[in-house]
Amino acid sequence: MQKRDVVVVGAGAAGVFAALELRRRSPQTSVTVLEAAQRPLSKVKISGGGRCNVTHACFEISALLAHYPRGQKQLRSILQRFGPAQTMEWFEQRGVALKVEPDGRVFPVSDSSQSIIDCLLQQAQILGVELCTGAAIKELNTGEDGNFLLQGPQGDWQASQMLLATGSSPLSYGWLRRLGHSIVPPVPSLFTFTIADPRLEGLAGVSPRAPVRATLALDPKIVQEGPLLITHWGLSGPVILRLSAWGARPLAEHNYQASLLVDWLPQVDQEKLRQKLLHYKRDHGRRPFASEPPAELPKRLWRSLLGPDSDLPAGQVSDKTLGRWSEMLKRCPFAITAKGVFKEEFVVAGGVPLAEVDLKTMASRKCPGLYLAGELLDVDGLTGGFNFQNAWATGWLAGSSLAGG
């Protein structure tokens, strides 16, 4: 039985960051990070297409919180203490040059996630954080003295305090239930939509030149605007990923079968659009109606949306058809039949309810000596560095609190 003051289970972003802050503040505290995989920080490695989207350059707290479908209100105090500015400062002070891309995403200048991993592992070595990989924990219990007892095929551990930062691990959910916690059932977030619609056939890779507005018909309050991309299997792009995040639970409840409404031209209302189409009809009588699409829509997409009548001379298109087109362009229905896969990262909505955690310290309200951080909590952010920001912030706070700070 190996004894430590603190054992951290999970060598992801939150777990490693917590251990570093703990040792920085309290060098005399013995801490070991246990990781079931053979390498630490595996999600950091693959995130952002291998570039690691460290955080997002969003420094106004209300704007930052708006990017968290779950945990939005509760994260305020945490992100005020350790937000994107503090994250960027932390890495830059330790030799990682960062850059902010036009959309606000923050990456290492090297465009390699290995720069982030090397920095974290170097700090672990400097601060004396013990990292044990291939150390799967099979059982977690508490002794009569309140210590945590961890059992695994590679050995057993005892600690007076423990941090769980295991992400969406079903095994961890079982431990937490035994320790008194409840679990909000996890469901996928950040995914694309599978849609089989003849209007999208042959258009894979096509994207409108301006943002569109997309609404889930099952809840009209779930609406987002942003770039959209047509794929081989349906629809993707930032607007779809954000919509899937905000609609994660109702979509799961409906088995990912729902109606999607796309407003292809959100900058103009339906009546003004109808008038524009009427003017075009009068001005281009003999030309095919589809020959001159709005600047926001590629010609192939425009023709496909309008259908066969779009090849008629403009003057032959009836006013009734123009009215139907204007309505369709503002509320274009598509049937979602399944969720697709967003390959760059996988995020879930669900986990430990934030009401069961002291958000001033990240300590469990159910089990003395237990701390929680990262994706294990019922917190998830939109794509763009917000999930990593949650990991750094909750990890930093847990490590600070474990050190007595």
Per the filter on region 225-262, residues in contact with a helix residue (DSSP H, G or I) (Cβ under 6 Å, 6 or more places away or on another chain) and free of Cβ contacts under 8 Å to residues at least 24 places away in the same chain are GLY226, PRO227
For region 354-364, the count of residues that are in a loop (DSSP other than H, G, I, E, B) and crowded, with 16+ Cβ neighbours inside 10 Å equals 2
Against the definition (touching a residue at least 12 places away in the same chain (Cβ under 8 Å), in contact with a His (Cβ under 7 Å, 6 or more places away or on another chain) and over 20 Å from THR383 (Cα atoms)), how does ALA196 come out, yes or no?
no
Flagged in region 83-117 as of a type in the set (Val, Ile, Thr) and touching a Lys or Arg at 6+ places or on another chain (Cβ under 6 Å), in numbering order, are VAL109
Per the filter on region 195-215, residues among the hydroxyl-bearing types (Ser, Thr, Tyr) and either closer than 30 Å to GLY174 by Cβ or crowded, with 19+ Cβ neighbours inside 10 Å (or both) are THR215
Picked from region 117-135 (must be exposed (fewer than 14 other Cβ atoms within 10 Å of the Cβ) and in a loop (DSSP other than H, G, I, E, B)), the residue nearest to the chain's Cα centre (by Cα) is GLY134
Restricted to region 192-241, and to residues that are part of a strand (DSSP E or B) and at positive phi, which residue is farthest from the chain's Cα centre (by Cα)?
GLY234
Can you name every residue in region 9-38 that is under 10 Å from LEU131 (Cβ atoms) and surrounded by fewer than 24 Cβ atoms within 10 Å (Cβ to Cβ)?
THR32
Counting only residues that are among the hydroxyl-bearing types (Ser, Thr, Tyr), under 23 Å from the mean Cα position of the chain (by Cα) and either surrounded by fewer than 22 Cβ atoms within 10 Å (Cβ to Cβ) or at pLDDT below 95 (or both), how many does region 158-191 have?
5
Does SER47 count as in a helix (DSSP H, G or I), polar (S, T, N, Q) and within 19 Å of ALA245 (Cβ to Cβ)?
yes
Before we move on, is ASP380 modelled with pLDDT of 95 or more, surrounded by fewer than 24 Cβ atoms within 10 Å (Cβ to Cβ) and closer than 24 Å to HIS181 by Cβ?
no
Using the structure shown, decide if TRP302 is out of contact with any Ser or Thr (no Cβ under 8 Å at 6 or more places or on another chain) and free of Cβ contacts under 8 Å to residues at least 60 places away in the same chain.
no
Test for ALA314: is it at pLDDT below 95 and outside the structural domain of VAL9 (by TED's automatic domain parsing)
yes
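Table: residues versus (1) of a type outside the set (Phe, Trp, Tyr); (2) under 30 Å from GLN86 (Cβ atoms).
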site: ALA295; (1), (2): yes, no
site: LEU305; (1), (2): yes, no
site: PHE346; (1), (2): no, yes
site: GLY351; (1), (2): yes, yes
site: LEU354; (1), (2): yes, yes
site: LEU382; (1), (2): yes, yes
Residues of region 136-157 being crowded, with 16+ Cβ neighbours inside 10 Å and small (Gly, Ala, Ser), in sequence order, are GLY152
Exactly one of ALA355, ALA338, ALA398, ALA295 is touching a strand residue (DSSP E or B) at 6+ places or on another chain (Cβ under 7 Å), among the hydrophobic types (A, V, I, L, M, F, W, C) and farther than 25 Å from LEU20 by Cβ, and that one is ALA338
Exactly one condition in (1) under 30 Å from PRO188 (Cβ atoms); (2) of a type in the set (Gly, Ala, Ser); (3) at pLDDT below 95 is not met by GLY285; state its number.
(1)
Does region 141-165 hold any residues that are touching a helix residue (DSSP H, G or I) at 6+ places or on another chain (Cβ under 6 Å) and either over 17 Å from VAL31 (Cα atoms) or in a loop (DSSP other than H, G, I, E, B) (or both), and which are they?
ALA165
Residues located in region 1-30, provided they are part of a loop (DSSP other than H, G, I, E, B) and farther than 15 Å from LEU370 by Cβ:
MET1, ALA11, GLY12, SER26, PRO27, GLN28, THR29, SER30
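The values are calculated or read from the model by the stated rules, or taken from the named source; none is laboratory data. Computed from a predicted structure; not experimentally measured. Because the Cβ atoms are built from the backbone with ideal geometry, glycine has one as well, and the counts that use them run over all protein chains shown.
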